[in-house]
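Here's the structure, in structure tokens; my notes come after.
The values are calculated or read from the model by the stated rules, or taken from the named source; none is laboratory data. It should be emphasised that the depicted structure is a prediction, and the values quoted were computed from it without experimental measurement. Glycine also receives a Cβ, built like all others from the backbone with ideal geometry; neighbour counts cover every protein chain displayed.
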Amino acid sequence: MSESIRVCAASSLRHELHEKIQFHEEIEPDINTLFDASSRIARQVEKGAKCHVFVSASSTWVDRLEESGAIQRRWTAPDWRNSLAVLKSSELSVRLASLEDLEHINRLAIGGPNVPLGAYSREVLTRFPNQRAQVIVGRNAEHVLRLVERGEVDAAIVYASDIPFARDSKLAFHISEALHSPVQYELALLREAPPEASLLFDRLREHGIGPLSSSQRRPSEGLSP
């Protein structure tokens with residue numbers, strides 16, 4: 001009996017990659033997935049957690065695993081890109097049309113400092129030192145989204161791919177990609193992966209997941225939705 005394939009991926013891919021995995025399950029049915037912050041996954045792998053295929057929202061964590069000898073093969077997916085946007089709570093009455101407007105809100109959710117979403121968000125915020133909102137840190141991209149959906153914050157910096165799935169919140173504006181490092185995903189095959197995982201790695205390289213939802217449309221910061 002073949003070993004089940006364990007795919008661990010950035011939480012920002014939970015919609016698109018899940019659909020792609022379902023397609024591959026028609027060929028290789030025994031696939032299970034874990035979606036979390038890329039940093040958290042990498043640390044769990046370092047501690048011995050089972051993972052055969054890793055999809056990271058930043059090359060940093062693939063680099064780290066490669067340095068430890070945990071990576072067998074890696075690939076930078078050219079069409080697996082994302083961008084950032086600001087979502088506001090549906091209860092917020094303050095107008096948000098640009099990053100400068102964030103100084104008028106009280107609470108802003110972003111990813112933690114070691115989470116790729118948090119790293120990208122901090123690159124943006126360092127350019128706007130007058131931002132006075134209290135920063136609330138989310139565990140991963142999904143948690144950041146939930147904070148603004150539940151109204152626990154006034155606004156949040158999220159991945160554009162999460163916009164179509166957001167509830168009880170509104171798109172305020174997209175953030176220019178010139179303000180942060182490119183959001184580029186990396187695909188990695190772990191050293192201990194079984195042959196079936198290697199085949200899945202190759203299929204994902206060949207077929208990809210296509211452009212991420214809403215990230216094909218990349219208007220500059222401040223453009224109204």
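Checking each residue in region 83-122 for being loosely packed, with under 14 Cβ neighbours inside 10 Å, of a type outside the set (Gly, Ala, Ser) and either at pLDDT 95 or above or outside any helix (DSSP H, G or I) (or both) picks out 91, 95, 106, 113.
Touching a Gly at 6+ places or on another chain (Cβ under 6 Å) and either more than 17 Å from residue 87 (Cβ to Cβ) or among the acidic types (Asp, Glu) (or both): does that describe residue 118? No: the conditions fail for residue 118.
To keep it simple, each residue is scored yes or no on (1) without any contact (Cβ under 8 Å) to a residue 60 or more places away in the chain; (2) more than 17 Å from the chain's Cα centre (by Cα); (3) part of a strand (DSSP E or B).
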position: 172; (1), (2), (3): no, yes, yes
position: 178; (1), (2), (3): yes, yes, no
position: 192; (1), (2), (3): no, yes, no
position: 200; (1), (2), (3): no, yes, no
position: 203; (1), (2), (3): no, yes, no
position: 206; (1), (2), (3): yes, yes, no
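Out of all the residues in region 56-72, which are in contact (Cβ under 8 Å) with a residue 12 or more places away in the chain and either surrounded by fewer than 16 Cβ atoms within 10 Å (Cβ to Cβ) or assigned to a helix (DSSP H, G or I) (or both)?
Narrowing region 56-72 to residues in contact (Cβ under 8 Å) with a residue 12 or more places away in the chain: 56-62, 64-66, 68-72.
59, 60, 61, 62, 64, 65, 66, 68, 69 - these are the residues of region 56-72 that are in contact (Cβ under 8 Å) with a residue 12 or more places away in the chain and either surrounded by fewer than 16 Cβ atoms within 10 Å (Cβ to Cβ) or assigned to a helix (DSSP H, G or I) (or both).
Results for (1) outside any helix (DSSP H, G or I); (2) buried (at least 17 other Cβ atoms within 10 Å of the Cβ); (3) at pLDDT below 90, shown as yes or no for each residue.
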site	(1), (2), (3)
1	yes, no, yes
7	yes, yes, no
17	no, yes, yes
27	yes, no, yes
43	no, no, no
50	yes, no, no
54	yes, yes, no
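Could you check region 118-140 and list, in sequence order, the residues that are aliphatic (A, V, I, L, M) and in contact (Cβ under 8 Å) with a residue 60 or more places away in the chain? Result: 119, single match.
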